[in-house]
1. Suppose we filter Tyr218, Tyr213 for residues that are of a type outside the set (Val, Ile, Thr), open to solvent by 80 Å² or more (accessible area, probe 1.4 Å), closer than 29 Å to Leu72 by Cα and out of contact with any helix residue (DSSP H, G or I) (no Cβ under 7 Å at 6 or more places or on another chain); which single one remains?
2. Considering each of Asp64, Asp88, Asp53 in turn, give the residue that is open to solvent by less than 50 Å² (accessible area, probe 1.4 Å) and either in a loop (DSSP other than H, G, I, E, B) or among the polar types (S, T, N, Q) (or both).
3. Gln195 fails exactly one of the following numbered conditions: (1) touching a residue at least 40 places away in the same chain (Cβ under 8 Å); (2) assigned to a helix (DSSP H, G or I); (3) not small (Gly, Ala, Ser). What is the number of that condition?
4. Within the range 105-127, can you find the residues that are assigned to a loop (DSSP other than H, G, I, E, B) and either open to solvent by 70 Å² or more (accessible area, probe 1.4 Å) or basic (Lys, Arg) (or both)?
5. Can you tell me which residues in the range 55-72 are within 20 Å of Leu24 (Cα to Cα) and modelled with pLDDT under 95?
6. Give the range 169-217 a look and list any residue that's in contact with a Gly (Cβ under 8 Å, 6 or more places away or on another chain) and of a type in the set (Gly, Ala, Ser), or say none.
7. Evaluate the following for Gln168: is it under 20 Å from the mean Cα position of the chain (by Cα) and at pLDDT below 95?
8. How many of the residues making up the range 15-35 are in contact with a Lys or Arg (Cβ under 6 Å, 6 or more places away or on another chain) and of a type in the set (D, E, K, R)?
Amino acid sequence: MKSTLFENDGKDFSYIEMKDLSRLQAVSLAERHLISPEFASKKDGSALILSADESVSIMLCEEDHIRIQIILGGLQLEKAYAIIEQLDSILDASLHFAFDENLGYLTECPTNLGTGLRASVMMHLPISEKTGEISRISENARKIGFTVRGTYGEGTKAAASLYQISNQVTLGLTESELVQNLKNVVNQILDKEKQAQTNLDSVELKDKLFRSYGELKYARLVSSSEMF
């Protein structure tokens, strides 16, 4: 089933019943970050609403009844939030989300109370990982209400030095404040990563790059871990 929610943007959406997907198809969606790894195992009663360009995905009956997700390239947090807010308003007009004046949105998990907003940025941090600085970054981020997770979110490891930086606090701040705070933290981490690049051993780096190139060029079978 297809429909158009954004008349101005002309975004076409497909409605997909999770029970109709094979295991391989569901895992493929999770690998592309279109659904959560947990949602990939869902079947009866769960569905996905996915835009044609795959920038918008709405998971029905994941952890909460509705989980809206926007993925954009680059550091476009404000634009992503603007799309989320528009979608949220359209859905709330018909569904009337559970909301409390003091607690905000009444989510299934208490850690999401308040805005219910989880903003994330995927960062490539090979130097911070190599030097062990990523541990200090994670600890400092935790102290100010942010978390550093692996490539596929909570409980996963970083593949190819890809880390998710996201807010932990959802209560007591507005959505705009959460987005701006995350952007500030991400820019600070990015500055540290760039500074650390000046201390790289160029010979060691070139050796690693050419070894990777050799594997990609001549290997006939490549595992997912080797691919990363």
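The values are calculated or read from the model by the stated rules, or taken from the named source; none is laboratory data. It should be emphasised that the depicted structure is a prediction, and the values quoted were computed from it without experimental measurement. So basically every Cβ, Gly included, is an ideal-geometry build from the backbone, and we count neighbours across all protein chains shown. Calculation scope for accessible area: heavy atoms of the full protein, side chains included, ligands and nucleic acids excluded. Shrake-Rupley method; radii C 1.70, N 1.55, O 1.52, S 1.80 Å.
1. Result of the check over Tyr218, Tyr213: Tyr213.
2. Values: Asp88 fails: either in a loop (DSSP other than H, G, I, E, B) or among the polar types (S, T, N, Q) (or both); Asp53 fails: open to solvent by less than 50 Å² (accessible area, probe 1.4 Å).
On inspection, the qualifying residue turns out to be Asp64.
3. (1)
4. Quick first cut of the range 105-127, residues assigned to a loop (DSSP other than H, G, I, E, B) only: 106-109, 113, 115-119, 125.
If the condition is that a residue be assigned to a loop (DSSP other than H, G, I, E, B) and either open to solvent by 70 Å² or more (accessible area, probe 1.4 Å) or basic (Lys, Arg) (or both), then Leu106, Glu108, Arg118 are the ones that fit.
5. Glu62
6. The answer is Gly172, and nothing else.
7. Details: under 20 Å from the mean Cα position of the chain (by Cα): yes; at pLDDT below 95: yes.
Yes; evaluated as a whole, the condition is true for this residue.
8. Residues flagged as in contact with a Lys or Arg (Cβ under 6 Å, 6 or more places away or on another chain) and of a type in the set (D, E, K, R) within the range 15-35 amount to 1.
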